[in-house]
1. Select from segment 244-270 the residues that are under 12 Å from the mean Cα position of the chain (by Cα) and either within 14 Å of Ala319 (Cβ to Cβ) or of a type in the set (Ser, Thr, Tyr) (or both) and list them in ascending order.
2. Give the number of residues within segment 119-152 that are under 16 Å from Asn168 (Cα atoms) and in contact with a helix residue (DSSP H, G or I) (Cβ under 8 Å, 6 or more places away or on another chain).
3. Scan segment 241-261 and give yes if some residue there is crowded, with 24+ Cβ neighbours inside 10 Å, assigned by the TED database to the domain that holds Asp290 and out of contact with any strand residue (DSSP E or B) (no Cβ under 7 Å at 6 or more places or on another chain), otherwise no.
4. Quick one: Gln167 ticks every box in (1) open to solvent by 10 Å² or more (accessible area, probe 1.4 Å); (2) closer than 30 Å to Val297 by Cβ; (3) part of a helix (DSSP H, G or I) except a single one, so which number is it?
5. Taking only segment 265-275 into account, find how many residues are within 24 Å of Leu209 (Cα to Cα) and surrounded by fewer than 24 Cβ atoms within 10 Å (Cβ to Cβ).
6. Going by the structure shown, is Gly94 open to solvent by 40 Å² or more (accessible area, probe 1.4 Å) and in a loop (DSSP other than H, G, I, E, B)?
7. Consider only pairs whose beta carbons are under 7 Å apart and that are at least six residues apart or on different chains; among these, list those whose first residue lies in segment 111-123 and is assigned by the TED database to the domain that holds Ser61 and whose second residue is of a type in the set (Ser, Thr, Tyr) and open to solvent by less than 10 Å² (accessible area, probe 1.4 Å).
8. Exactly one of (1) in contact (Cβ under 8 Å) with a residue 40 or more places away in the chain; (2) part of a helix (DSSP H, G or I) is unmet by Val184. Its number?
Amino acid sequence: MAAAVGGALAFVMLLVVGVYIVAGNLVNSVTTGSRGLAKGAVPAAYKPLVQQWGNLCPALSPALLAAQLYQESGWNPTVVSPADARGIAQFIPGTWATHGIDGNGDGKRDIWDPADAIPSAASYDCELAKYVKDVPGNVSDNMLAAYNAGAYRVIRSGGVPGISETQNYVKRIRSLEKSFAAPVRRLDPTRQAAGAIAFAQSKLGTPYLWGGNGTADQGGRFDCSGLTKAAYEKVGIGLPRVANDQYNAGAHPSRDQLLPGDLVFFSDDLTDSRAIRHVGIYVGGGYMIDAPRSGAVIRFDPVDTPDYFGATRVTEDGAKALPTAV
């Protein structure tokens, strides 16, 4: 085992150097696409609805619809906001009265039923897209701006209006879209990956602490997501505290596309990212650095286990797009 880990560590250092080289070669070259949904990103109970209704009009896509729903509710069908926005799509009752539809054909328009609320969100998006179809600029951006600020303001402004809240809303949703889309091209490496790995390596041997954030009063100890959060904070990227939200901080490379610095996730339910229970930092050679459990220390562990869920290539824009509470 020691020989294997030693070999993995040597391989790590080669790959970390490679991250910088490849990043330099790929700047402004390849991007992610938005066709299809990333594995497990949408809970299985809602994936068929998002896939079907996300194709309702050309301005929408399943990944874009998923990003909106996650931003609004975090897939919680019972949440109520301080503004009385309700359900998985966060409709205000007045808006629901005019734009809610009977998506499942049961004769009722139920704001709490995802089978009605998700189709209604898609229908409302596409209705807005029709209003702004002749406005200059990207029709999906203008649709999202209309959702946030109203179609009249988009039309009057000739595109996304110069309102910081609206501009940030459009940017957040379009960044989150990449987290829900199945990539159709190779993903760019990130320049921050090597720094995140270096931080994690410096913590090898540190005892695990449930809820640990590495603070002095906690003896510098971490749990799994506390370690990954601290590693990326070290390089200027703020991640959410829990693993299942960290999954949405960027696009999702396949197993054979993993690079050092990717976050790798584990779950007992491989169909739902909300069920993720563990995260580590991939270092190459089939290994990650993780804080595994109580009684253990931060260490190297293999990623190829039956509960391997998937990976995220963390980006600054992806992390900034995540809602503060879901």
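1. Asp245, Gln246, Tyr247, Asn248, Ala249, Gly250, Ala251, Leu263
2. 10
3. Taking every residue of segment 241-261 in turn, at least one turns out to be crowded, with 24+ Cβ neighbours inside 10 Å, assigned by the TED database to the domain that holds Asp290 and out of contact with any strand residue (DSSP E or B) (no Cβ under 7 Å at 6 or more places or on another chain).
4. Of everything listed in (1) open to solvent by 10 Å² or more (accessible area, probe 1.4 Å); (2) closer than 30 Å to Val297 by Cβ; (3) part of a helix (DSSP H, G or I), Gln167 misses just condition (2).
5. Here the count works out to 5.
6. no
7. Qualifying pairs under 7 Å: none.
8. (2)
The values are calculated or read from the model by the stated rules, or taken from the named source; none is laboratory data. Computed from a predicted model, the values in this text were never measured in an experiment. A quick note on method: Cβ atoms are made from the backbone with ideal geometry, for glycine too, and the neighbour counts reach across all protein chains shown. Remember, those area values only see protein heavy atoms, side chains included, never the ligands or the DNA or RNA. Shrake-Rupley method; radii C 1.70, N 1.55, O 1.52, S 1.80 Å.
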